[in-house]
Amino acid sequence: MLKQTALHAEHCALGAKLVDFAGWDMPIQYTSQLDEHHAVRQSAGMFDVAHMSAVDLHGPRTREFLRYLLANDVAKLKTPGKALYSCMLNPQGGVIDDLIVYFVDESWFRLVVNAGTTEKDLAWLRQQAPAFDVEIRHRADLGILALQGPEARAKLAPLLAPAFAEQVLSLAPFNAAWSGDFFVGRTGYTGEDGFELIVTQAELVTIWQQLLAAGVKPCGLGARDTLRLEAGMNLYGQDMDDTVSPLEAGLAWTVAFNPEDRQFIGRPVLETQRSGPPRRSLGLVLEGRGVLRAHMPVRASNGVVGETTSGGFAPTMKGSIAFARVPNNAVGPFEVEIRGQWLPTQETKLPFVRNGKVLASK
């Protein structure tokens, strides 16, 4: 039996195509995946992401705990509401999960973790927390909704009390504001401006209906995937997992090696990779016709072989793009094998697209 979010009836009423995603019955699209993608790039779209989980950590040593638990350093979080993206690693340096951590106060931090890793994450947190006397609370009473796109601010503000709306509209990226259980972070997974709202299950339905009435387009997991791919954002389970380090996944910027005396889980392994991990990640744009997909062989000019980890048609670019992981000694240009043919690609820095603007050539 698949799990359902509080918005399941809303998806059914809108005629969404539903699929099994990490054990949840989730909408992959409503009418057109392309229309949903373009709505986020050009105006505003909303996503049910209530299959993901908010986890609250409480206790006077919570900051100390998170400095040990995460590869990024929560010492950077100095003002209430400030957020940080980080990987949570195992002792082998592999990624247990990638997550966002919010600083609420010195005895309360909030994590937002992936749907498919929630149980694994909770088990790991509960295993590590007793040494720091930290309480772990899985906030299953809360749901998450993402509102993304250049018109997200204009669509959300009228639905909030004036004083709270002013707070929300003044948020810098990767900061949050809250009023009771209504928590708004200026974060997202699309490469566009917008918000992720963490609210009670009842409020989740109300805010969805209000945004729908305001003309915000409901978007499914299909558009979410093409948007995050264009934005150069990794997907857990495809672009990284327990066997891949953040340095191999192109996430070196999320690892805080300074201060040198901060010990965090996985650090000894990452230290051995600082001068160059065994594998590296890169972005590829297909030069000809075809569609790049995950797990396609990638061949370097010096004969070294890797594979794509994520790939697909990029609607904003009107071409095909992919992330690839190759041995560190691989030398471009790179070719990808599609249906028995080796096709040329152009290596490019990520992201491909940000704030509606194409940064990589087709």
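The values are calculated or read from the model by the stated rules, or taken from the named source; none is laboratory data. Here the structure is a predicted model, which means the values were calculated and not measured. Methodologically, a virtual Cβ is constructed for each residue, glycine included, from the backbone with ideal geometry; neighbour enumeration extends over all protein chains shown.
Please find, among Gly303, Gly250, the residue that is over 30 Å from Gln42 (Cα atoms), part of a loop (DSSP other than H, G, I, E, B) and not aromatic (Phe, Trp, Tyr).
Numbers: Gly250 fails: over 30 Å from Gln42 (Cα atoms).
Result of the check over Gly303, Gly250: Gly303.
Every condition in (1) part of a strand (DSSP E or B); (2) farther than 19 Å from Leu84 by Cα is met by Arg110 except one, and the failing one is (2).
In this entry, Val104 is excluded by the filter for residues that are more than 15 Å from the chain's Cα centre (by Cα), over 24 Å from Ala223 (Cα atoms) and part of a helix (DSSP H, G or I). Phe47 falls short on exactly one of the conditions (1) touching a Ser or Thr at 6+ places or on another chain (Cβ under 9 Å); (2) surrounded by fewer than 21 Cβ atoms within 10 Å (Cβ to Cβ), and that condition is (2). Residues in region 262-275 that are at pLDDT 95 or above and part of a loop (DSSP other than H, G, I, E, B) were compared, and the one that is surrounded by the fewest Cβ atoms within 10 Å (Cβ to Cβ) is Gln263.
One residue stands out in region 84-95 among those that are touching a Phe, Trp or Tyr at 6+ places or on another chain (Cβ under 9 Å) and surrounded by fewer than 22 Cβ atoms within 10 Å (Cβ to Cβ): the one that is nearest to Thr272 (Cα to Cα), namely Asn90.
Among the residues of region 115-132, just one is β-branched (Val, Ile, Thr) and either assigned to a helix (DSSP H, G or I) or over 21 Å from Lys3 (Cβ atoms) (or both), namely Thr118.
Here are Val104, Val134: which of them is surrounded by 15 or more Cβ atoms within 10 Å (Cβ to Cβ) and within 18 Å of Gly185 (Cβ to Cβ)?
Numbers: Val134 fails: within 18 Å of Gly185 (Cβ to Cβ).
Every option except Val104 fails the conditions.
Kindly evaluate Gln33 against the criterion of being among the polar types (S, T, N, Q), closer than 24 Å to Glu151 by Cβ, surrounded by fewer than 16 Cβ atoms within 10 Å (Cβ to Cβ) and touching a residue at least 12 places away in the same chain (Cβ under 8 Å). No; evaluated as a whole, the condition is false for this residue. Residues that are without any contact (Cβ under 8 Å) to a residue 60 or more places away in the chain, crowded, with 17+ Cβ neighbours inside 10 Å and in a strand (DSSP E or B) within region 175-199 comprise Phe182, Val184, Phe195, Leu197, Val199, listed in sequence order.
Just to be sure before I move on: is Ala324 in contact with a strand residue (DSSP E or B) (Cβ under 7 Å, 6 or more places away or on another chain), assigned to a loop (DSSP other than H, G, I, E, B) and in contact (Cβ under 8 Å) with a residue 40 or more places away in the chain in the structure I sent? So Ala324 does not fit the description; no. Looking only at region 27-84, residues that are assigned to a loop (DSSP other than H, G, I, E, B) and over 17 Å from the mean Cα position of the chain (by Cα) come to 14 in all.
Just to be sure before I move on: is Thr308 polar (S, T, N, Q), buried (at least 16 other Cβ atoms within 10 Å of the Cβ) and assigned to a strand (DSSP E or B) in the structure I sent?
Values: polar (S, T, N, Q): yes; buried (at least 16 other Cβ atoms within 10 Å of the Cβ): yes; assigned to a strand (DSSP E or B): yes.
Considered against the rule, which asks whether it is polar (S, T, N, Q), buried (at least 16 other Cβ atoms within 10 Å of the Cβ) and assigned to a strand (DSSP E or B), Thr308 comes out as yes.
Please verify whether region 255-264 includes one or more residues that are within 22 Å of Thr309 (Cα to Cα) and either of a type outside the set (Asp, Glu) or in contact with a helix residue (DSSP H, G or I) (Cβ under 9 Å, 6 or more places away or on another chain) (or both).
Step one: of region 255-264, the residues within 22 Å of Thr309 (Cα to Cα) are 255.
Then keep just the ones that are either of a type outside the set (Asp, Glu) or in contact with a helix residue (DSSP H, G or I) (Cβ under 9 Å, 6 or more places away or on another chain) (or both); that gives 255.
Yes, that holds for at least one residue.
Residues in region 41-58: is at least one modelled with pLDDT of 95 or more and within 30 Å of Glu271 (Cβ to Cβ)? Yes, region 41-58 contains a residue that is modelled with pLDDT of 95 or more and within 30 Å of Glu271 (Cβ to Cβ).
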